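**Q** Just dropping this structure here.
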Amino acid sequence: MQTTFPLGSFTVHRVGFGAMQLPGPGVFGPPRDHDQAIAVLKRAVELGVDHIDTAQFYGPDVANQLIREALYPYPENLALVSKVGARRDDEGNWTSAQEPDDLRAHIEHNLRELGVDQLAAVNLRIHSGDPNAVGPVDRDLFDRQLTAMIAARDEGLIGGIGLSSVSVDHLRIALDRTEIVTVQNAYNLVDRSSQPVLDLTTEHGISFVPFFPLGSGFNADNPVLGNPAVKKAAADLGRTPAQVALAWTLSVAPNVLLIPGTSSVAHLEENLAVADIELPEDFAP
Ligand SMILES: NC(=O)c1ccc[n+]([C@@H]2O[C@H](COP(=O)([O-])OP(=O)(O)OC[C@H]3O[C@@H](n4cnc5c(N)ncnc54)[C@H](OP(=O)(O)O)[C@@H]3O)[C@@H](O)[C@H]2O)c1
């Protein structure tokens, strides 16, 4: 199996790390265990992680500050990818920040907090009503957002433009205007609603980074890790359900880059040991 894929000007291992589980409960405030969060980040890089996904609104600022504390000065091959399009209020509520000025201010905020001059890529995270549903294109706003992202890239603040929570229509419109280096939509073995978007990224050789690959930390009854076919395959292979879910997601297309999120070193080590897993031919989650 191919073990790396391009992400803008970087070529990264197909299993990276998502920083959303590092802040406190509800992705708000400091971590329950600061030293453990730092240990997770250091261990990730030690084990070859060269792609970390973050956001200013994880905490807010907590994930970025932990990344800087643990890893600065960063290895040259480390692709730091952030996203813009939301903000947190004082109570931790997620609100949208979709205007071009918000996008620019939040890119600059990420650069300051992480202590870098350029991010490998930044995803424009579309919010259209339901935060976890992909909505229709607001053409006027989307055009203005793309203009802001293109300016940030052309001025060197970001290495490449990414899109998140987008439809095929968003991606086609964006590709007509500029290069897109990555797409980040919710996708896992029980939610394949973004399959058409994934297929389009594969066709164009663009990395597809599924969020919620393990069914997310927000679900008490995790539909992925609790899936009967996943549990059976895990037992048969002597692996964990998380490893089976990640191995399946990697097998879907060569341009899939994983960023499973965890606050635990043990889970991190599990999640990074999936490239050699061969799923049974009759695996049908
Ligand atoms: N673009 C967007 O809008 C967007 C939205 C959401 C997330 N993301 C990005 O995508 C990344 C992945 O999504 P996610 O973190 O929300 O969800 P996820 O990776 O699907 O699942 C994270 C949950 O799985 C648990 N977990 C991790 N490894 C495990 C293992 N080996 N065994 C059992 N449980 C395990 C974590 O708990 P522990 O901490 O206990 O391990 C956490 O509760 C995020 O970290 C973030 O960077 C992007």
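**Q** Over the chain, with a Gaussian network built from C-alpha contacts below 10 Å, which listed residue (173, 67, 259) shows the highest mean-square fluctuation?
**A** Answer for the Gaussian network model of the chain: 173.
**Q** Distance between the C-alpha centers of the range 231-285 and the range 90-164? Whole Å please.
**A** Result: 30 Å between the Cα centres.
**Q** For the pair residue 69 and residue 133, what calculated FRET efficiency results from E = 1/(1 + (r/R0)^6), where r is the Cβ-Cβ distance and R0 = 35 Å, to the nearest 0.05?
**A** In this case the efficiency is close to 0.50.
**Q** Read phi for every residue in the range 83-90 and hand back ³J(HN,Hα) as whole Hz from Karplus 6.51 cos²θ - 1.76 cosθ + 1.60, θ = phi - 60°, with x for Gly and Pro.
**A** Per-residue couplings from phi come out as 9, 10, x, 9, 8, 10, 8, 5 Hz.
**Q** Please give the FRET efficiency for residue 177 paired with residue 99, using the beta carbon to beta carbon distance and R0 = 22 Å, rounded to the nearest 0.05.
**A** Numbers: r = 18 Å, r/R0 = 0.84.
Approximately 0.75, to the nearest 0.05.
**Q** Fully extended, how many nm does the chain gain between residue 204 and residue 91 (0.36 nm per residue separation, minus their Cα-Cα distance)? Walk me through the numbers on the way to the answer.
**A** Working: separation 113, 0.36 × 113 = 40.68 nm, distance 4.07 nm.
Roughly 36.6 nm would be gained on extension.
**Q** While we're looking at this one, here's another question. Cβ neighbours within 10 Å, averaged per peptide: list 188-196, 217-225 in order, most packed at the top. It would help to have the intermediate numbers written out before the result.
**A** Numbers: 188-196: 16.7, 217-225: 14.0.
My ranking of the peptides, most packed first, is 188-196, 217-225.
**Q** Moving to a separate point now. Project the alpha carbons of the range 1-141 onto their principal axes and report the range along each, largest first, in whole Å.
**A** 42, 35, 30
**Q** Which value at 222 nm does the chain reach when only helices count, each DSSP H run of 4 or more adding -39,500 (n - 2.57), with the total divided by all residues and rounded to the nearest 500 deg cm²/dmol?
**A** Details: 9 runs with 103 residues, N = 285.
The helix-only estimate for the chain comes to -11000 deg cm²/dmol at 222 nm.
**Q** Anyone know which of 148, 105, 234 comes out most mobile in the 10 Å Cα GNM of the chain?
**A** 105
**Q** Go ahead and run the numbers for FRET between residue 143 and residue 168, Cβ-Cβ distance against an R0 of 22 Å, rounding to 0.05. Mind dumping the intermediate values first?
**A** On the way: r = 17 Å, r/R0 = 0.78.
After rounding to 0.05, the efficiency reads 0.80.
The numbers here are math on the coordinates, done by the rules we state, and not lab data. Remember, it's a predicted structure, so these values are computed and weren't measured experimentally. Cβ sites come from the backbone with ideal geometry, for glycine too, and all protein chains shown count toward neighbours.
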